[in-house]
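Okay, so here's the structure we're looking at.
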Amino acid sequence: MSMYRIHAPDFNLDLALSCGQVFRWEKKERWTGVVNGAVVRAEQEGSELIIESVLNKKSIQDYFRLDDDLEKIYSEIRKDELMTSLTLKYRGLRLIRQDPWECLASYICSSNNTIRNIKNSIRLMCECFGNRIENGYYSFPTPDALAHVELCDMASCRMGFRAPNVRSAAAMIAEGEFDLKGIKDLSYEEGRAELTKIKGVGNKIADCVLLFAFGKLESFPVDTHIEQIMERFYSEKFNVLKKSKKREVIADFARMYFGKFCGYAQEYLYLEDMEKISGQDI
C-alpha cells in the first residue's frame, strides 16, 4: 500500500462521500472505504487529495470523476437562482463512478429503507460473503458468491424482503442471463428498460444505477424527497395529469429543463435536503 497526492481542483471530498450516493465509506480521522476490492484511505488538503491505497492514481481519479468539467456542468444546470445558489453552496460536489454490480445490489438494498440500515445491511453482506482485505474491511461479494446462497443464510444481513431480489439479480448475472456490463453501451432509455427487467428494480433504482455506475448524466432519479423538492420549487413548470405518472413527469421535465447534465442537478437538490432525510427512507 502506497501513499500519494492527487491534484483535485474543484472537488470537495466530504460532500462527495456524505451526500448519500455511496454507502461503504466512513470518516474517522480520515475517510476510509473499499473501492474495486481495495481499501482506500483519503483526506483532502486544499486542492489535493492524499490517498493511501494499492490502487493507482488513475483509478482514484476515475472513481471521483475528477475528469468532469464542473464549470461546463454548472453553466448548463444553472437555470435559476435556486440551482445557482446550490452550485455555489456545494461547489466541488462530484458524482462518483461506482462499480456496476455493487451499485445495483446496493440500490436494491435501498428500497424503502433508511441510509443507516442500508449501510448496515451492506456491511454485513460484505462480512458474510465477501473476502477479507484487512481487519474490518471486506470486498463486495460477487454475483457468483451470492447466486446460490440460501435465503436463511442471508437473514443475518438484515435485508428483509430485499434479500431475494439481491440474490435473484446475482443469479441472473452469474448465469449469463443478464449482461450488466453491456448497459454501458446502451442509450439511457435502452439501459433503463433492461435494468427494470430485474426483480426489485423500478425506475428510481434503475436511474440511480445508470447515473452512478454508468455515468449516464441525463438520468434524474426521483424518490420521495426529490419529488417534494421539485414540487416545492418547480411545480408551476410541469403539469401532472395522473398522480401515478408524477415522478416520470418530474424526471422528463428535469431532463428538458436542466439538460444533459441533469443528474448533477439532482444530486445538488438531494444534498440540500439531506438534513431533513437523515434517518429517513431514501
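Miscellaneous remarks
- For residue 240, the criteria (1) without any contact (Cβ under 8 Å) to a residue 12 or more places away in the chain; (2) in the same structural domain as residue 142 (by TED's automatic domain parsing) hold in every case but one, which is (2).
- Any helices (runs of 4 or more DSSP H) falling wholly within segment 128-183 and containing at least 3 residues that are within 21 Å of residue 213 (Cα to Cα): 143-147, 163-174
- Within segment 126-146, tally of residues that are buried (at least 17 other Cβ atoms within 10 Å of the Cβ) and either out of contact with any Pro (no Cβ under 6 Å at 6 or more places or on another chain) or over 18 Å from residue 104 (Cα atoms) (or both): 10
- Tally of residues being under 17 Å from residue 68 (Cα atoms) and small (Gly, Ala, Ser) across segment 240-265: 3
Conditions (1) closer than 21 Å to residue 225 by Cβ; (2) among the aliphatic types (A, V, I, L, M); (3) surrounded by 14 or more Cβ atoms within 10 Å (Cβ to Cβ); (4) not assigned by TED's automatic domain parsing to the domain that holds residue 121, marked per residue:
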site	(1), (2), (3), (4)
8	no, yes, yes, yes
16	yes, yes, yes, yes
23	yes, no, yes, yes
34	no, yes, yes, yes
44	no, no, yes, yes
61	no, no, yes, yes
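- Residue selection: residue 200 fails the criterion of being part of a loop (DSSP other than H, G, I, E, B), surrounded by fewer than 15 Cβ atoms within 10 Å (Cβ to Cβ), among the small types (Gly, Ala, Ser) and not assigned by TED's automatic domain parsing to the domain that holds residue 253.
- In the set 253, 261, 233, only one residue is part of a helix (DSSP H, G or I), more than 14 Å from residue 21 (Cβ to Cβ) and within 20 Å of the chain's Cα centre (by Cα); that residue is 261.
- In segment 91-114, residue nearest to residue 221 (Cα to Cα) [restricted to those that are assigned to a loop (DSSP other than H, G, I, E, B) and within 9 Å of the chain's Cα centre (by Cα)]: 95
The values are calculated or read from the model by the stated rules, or taken from the named source; none is laboratory data. What you see is a predicted model; the values in this text were computed from it and never measured. Virtual Cβ from ideal backbone geometry, glycine too; neighbours counted across all protein chains shown.
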